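*Asks:* There's a structure below that I have some questions on.
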Amino acid sequence: MLVSSSSSAVLRRQLFLIRCLGGGVGQSHKKIRRVNCSSMVAMEADAEHVIRKITPLLDPIRHKGQAGKVAIIGGCREYTGAPYFAAISALKIGADLSHVFCTKDAAAVIKSYSPELIVHPVLEESYNIRDDEKESVSAKVLAEVVKWMERFDCLVVGPGLGRDPFLLDCVSSILRHARQSNVPMVIDGDGLFLVTNNLDLVSGYSLAVLTPNVNEYKRLIEKVLNCEVDNEDASLQLLSLARSIGGVTILRKGKSDLISDGEIVKSVSIFGSPRRCGGQGDILSGSVAVFSSWARLHVSSMKESADCNSQNPMVLGSVAGSALLRKAASLAFVNNKRATLTTDIIECLGASLESISPAES
Ligand SMILES: NC(=O)C1=CN([C@@H]2O[C@H](COP(=O)(O)OP(=O)(O)OC[C@H]3O[C@@H](n4cnc5c(N)ncnc54)[C@H](OP(=O)(O)O)[C@@H]3O)[C@@H](O)[C@H]2O)[C@@H](O)CC1
Ligand SMILES: Nc1ncnc2c1ncn2[C@@H]1O[C@H](COP(=O)(O)OP(=O)(O)OP(=O)(O)O)[C@@H](O)[C@H]1O
Ligand SMILES: [Mg+2]
């Protein structure tokens, strides 16, 4: 049978929808019609408005900790930069305390980058422990993190975590505990490798934000929707993905960042930087952690008002984090051109936030 290119495109789209919505042809008929009728173009978020709304005033009556306490779970023998970038970005944006839970090998290195960070050398990789020690070590790792857990406004899980199976098992227990305690979490880097293979860790948890880059997104789509990444219908596919994982927020990083919680899709396209040096995603994960903590406070104080476009604080935090990173990257590029590095972007976070939400106003 000959199929014209336009009808083959419709067919592909319908097959994609059937796969994405998770049913057979008969079951999905109504859903396909509904989704086909709505043209899915993500609305550009009014990110500066969101940042101004959620950023708290610097009020002398506030005590240390009220502007945010975040913890990064990451840092191993290979990667020490990524957890540092995420943790220091959180402080530069305005969090009061930033902790890093990493392996012993990584801890001394991360501490040496900055005295501002509180570094816990608690994670263990397989090479360092015998099989008969694993159970007790695993319990000890969990206990070390749990004693701090309820103090944190948000965890960032994954920057520079590595993929050691024992270490990832311990992190699974940490995620389960965080979820039971209603602690929000941003999952990035190797944390996404872990949850993509163990979706139950985040599925249905509305306080989780996933921040996949190109590769991480591809792995998620293949695992969850069992299809290829569709760049033509990117918004619709992202919406389906977020819905299929039970309403977690997903920030798909790329030329434009796309954000969905399975209900709405927003884009952040403001100009960033043409430099693609490693570590920019780590700044983003730390930023989203701080902004979503602030957004939760803002939303709970504004419960009755329809003040922000979306009231999901994890979406607001993602929009704000994405926009601030891109603005800082753009400023760093103006100053440094081809020499722009992640540390230069971090140095521009303060000025970029100041230009949107001045500290003294
Ligand atoms: N200083 C540090 O400590 C840093 C540590 N980090 C930590 O590293 C860990 C692994 O994270 P990751 O991002 O390197 O792994 P992943 O996503 O599998 O990419 C690997 C390869 O995929 C490719 N590729 C990438 N983008 C692409 C694109 N748009 N389109 C096409 N291909 C693309 C590219 O492959 P290549 O071009 O070299 O073939 C790339 O090298 C994780 O813990 C993370 O937090 C980082 O945060 C950086 C700073
Ligand atoms: N092609 C692009 N054009 C403009 N900005 C981009 C592009 N790709 C990514 N970005 C921006 O860079 C940020 C980091 O995205 P990236 O894809 O580099 O993450 P990552 O691979 O996880 O980074 P990391 O090296 O920290 O692991 C995103 O928020 C996005 O705004
Ligand atoms: Mg990354």
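The values are calculated or read from the model by the stated rules, or taken from the named source; none is laboratory data. Note that the structure is a prediction, hence the values are computed from the model and not measured. Neighbour counts are summed over all protein chains in view; Cβ atoms, including those assigned to glycine, are modelled from backbone coordinates with ideal geometry. Calculation scope for accessible area: heavy atoms of the full protein, side chains included, ligands and nucleic acids excluded. Shrake-Rupley method; radii C 1.70, N 1.55, O 1.52, S 1.80 Å.
*Asks:* Among the numbered criteria (1) within 29 Å of Y79 (Cα to Cα); (2) open to solvent by 20 Å² or more (accessible area, probe 1.4 Å); (3) within 16 Å of ligand 2 (Cβ to nearest atom), which one does V319 miss?
*Replies:* Just one mismatch for V319, condition (2).
*Asks:* Taking the range 143-161, which residues are more than 18 Å from G286 (Cα to Cα) and crowded, with 19+ Cβ neighbours inside 10 Å?
*Replies:* Within the range 143-161, just V145 meets the criteria.
*Asks:* Take G272 and decide whether it is open to solvent by 60 Å² or more (accessible area, probe 1.4 Å), in a loop (DSSP other than H, G, I, E, B), of a type in the set (G, A, S) and at negative phi. I'd like the intermediate steps shown before the answer.
*Replies:* Details: open to solvent by 60 Å² or more (accessible area, probe 1.4 Å): no; in a loop (DSSP other than H, G, I, E, B): yes; of a type in the set (G, A, S): yes; at negative phi: yes.
When the stated conditions are applied, G272 does not pass them.
*Asks:* Taking I187 as the residue in question, decide whether it is modelled with pLDDT of 95 or more, more than 21 Å from A295 (Cα to Cα) and of a type in the set (V, I, T). Spell out how you get there, then give the answer.
*Replies:* Values: modelled with pLDDT of 95 or more: yes; more than 21 Å from A295 (Cα to Cα): no; of a type in the set (V, I, T): yes.
Here the answer is no, as I187 does not meet what is asked.
*Asks:* Criterion first (surrounded by fewer than 20 Cβ atoms within 10 Å (Cβ to Cβ) and modelled with pLDDT of 95 or more) does R326 satisfy it? Break it down stepwise before answering.
*Replies:* Values: surrounded by fewer than 20 Cβ atoms within 10 Å (Cβ to Cβ): no; modelled with pLDDT of 95 or more: yes.
No: the conditions fail for R326.
*Asks:* Something else about it: What number of residues within the range 331-346 satisfy the criterion of being touching a residue at least 60 places away in the same chain (Cβ under 8 Å), surrounded by 17 or more Cβ atoms within 10 Å (Cβ to Cβ) and not β-branched (V, I, T)?
*Replies:* So the count comes out to 1.
*Asks:* Which residues, taken from the range 265-306, are away from ligand 3 (no atom under 13 Å from the Cβ) and touching a strand residue (DSSP E or B) at 6+ places or on another chain (Cβ under 8 Å)?
*Replies:* V265, K266, S267, V268, S269, A289, V290, S292, S293
*Asks:* Any residue at all in the range 350-358 that's open to solvent by less than 50 Å² (accessible area, probe 1.4 Å), closer than 18 Å to L57 by Cβ and outside any helix (DSSP H, G or I)? I'd like the intermediate steps shown before the answer.
*Replies:* Looking only at the range 350-358, we keep the residues that are open to solvent by less than 50 Å² (accessible area, probe 1.4 Å), and these are 350, 352-353, 356-357.
So of that shortlist, the ones also closer than 18 Å to L57 by Cβ come out as 350, 353, 356-357.
Now narrow it down to the ones that are outside any helix (DSSP H, G or I): 357.
Among the residues of the range 350-358, at least one is open to solvent by less than 50 Å² (accessible area, probe 1.4 Å), closer than 18 Å to L57 by Cβ and outside any helix (DSSP H, G or I), which makes the answer yes.
*Asks:* Also: Name every residue in the range 106-147 that is among the β-branched types (V, I, T) and modelled with pLDDT of 95 or more, in order of residue number.
*Replies:* Taking the range 106-147 first, the residues among the β-branched types (V, I, T) are 109-110, 118-119, 122, 129, 137, 141, 145-146.
Scanning the range 106-147 gives V109, I110, I118, V119, V122, V137, V141, V145, V146.
*Asks:* Could you go through the range 281-289 and let me know if any residue there is outside any loop (DSSP other than H, G, I, E, B) and surrounded by fewer than 24 Cβ atoms within 10 Å (Cβ to Cβ).
*Replies:* To start, the set of residues in the range 281-289 that are outside any loop (DSSP other than H, G, I, E, B) comprises 281-289.
If we keep only those that are surrounded by fewer than 24 Cβ atoms within 10 Å (Cβ to Cβ) as well, we get 281.
Yes, the conditions are met somewhere in the range 281-289.
*Asks:* Same structure again: Residue check: is H99 away from ligand 3 (no atom under 16 Å from the Cβ) and touching a residue at least 40 places away in the same chain (Cβ under 8 Å)? Let's see the steps before the verdict.
*Replies:* Working: away from ligand 3 (no atom under 16 Å from the Cβ): yes; touching a residue at least 40 places away in the same chain (Cβ under 8 Å): yes.
Yes; evaluated as a whole, the condition is true for this residue.
*Asks:* Would you pick out the residues in the range 128-154 that are free of Cβ contacts under 8 Å to residues at least 24 places away in the same chain and of a type outside the set (A, V, I, L, M)?
*Replies:* Within the range 128-154, R130, D131, D132, E133, E135, S136, K140, K147 qualify.
*Asks:* Now, a different point. Kindly indicate which of A106, A139, A178 is among the aliphatic types (A, V, I, L, M) and open to solvent by 30 Å² or more (accessible area, probe 1.4 Å).
*Replies:* On the way: A106 fails: open to solvent by 30 Å² or more (accessible area, probe 1.4 Å); A178 fails: open to solvent by 30 Å² or more (accessible area, probe 1.4 Å).
None of the other options fit; the residue is A139.
*Asks:* Let me ask something else about it. In the range 193-235, how many residues are small (G, A, S) and either within 16 Å of ligand 1 (Cβ to nearest atom) or at pLDDT below 95 (or both)?
*Replies:* Step one: list which residues in the range 193-235 are small (G, A, S), which gives 203-204, 206, 208, 234-235.
From what's left, either within 16 Å of ligand 1 (Cβ to nearest atom) or at pLDDT below 95 (or both): 234.
Within the range 193-235, residues that are small (G, A, S) and either within 16 Å of ligand 1 (Cβ to nearest atom) or at pLDDT below 95 (or both) number 1.
*Asks:* Out of the helices (runs of 4 or more DSSP H) lying entirely within the range 36-131, which hold 2 or more residues that are more than 21 Å from the chain's Cα centre (by Cα) and not aromatic (F, W, Y)?
*Replies:* Values: elements: 47-54, 81-93, 104-113.
Passing ranges, in order: 104-113.
*Asks:* With the requirement that a residue be within 20 Å of V41 (Cα to Cα), open to solvent by 10 Å² or more (accessible area, probe 1.4 Å) and more than 8 Å from ligand 2 (Cβ to nearest atom), what does the range 241-255 give you?
*Replies:* Scanning the range 241-255 gives R243, S244, G247, R252.
*Asks:* Restricting to the range 249-269, give me the number of residues that are within 14 Å of ligand 1 (Cβ to nearest atom) and in a loop (DSSP other than H, G, I, E, B).
*Replies:* Adding up the residues that qualify gives 4.
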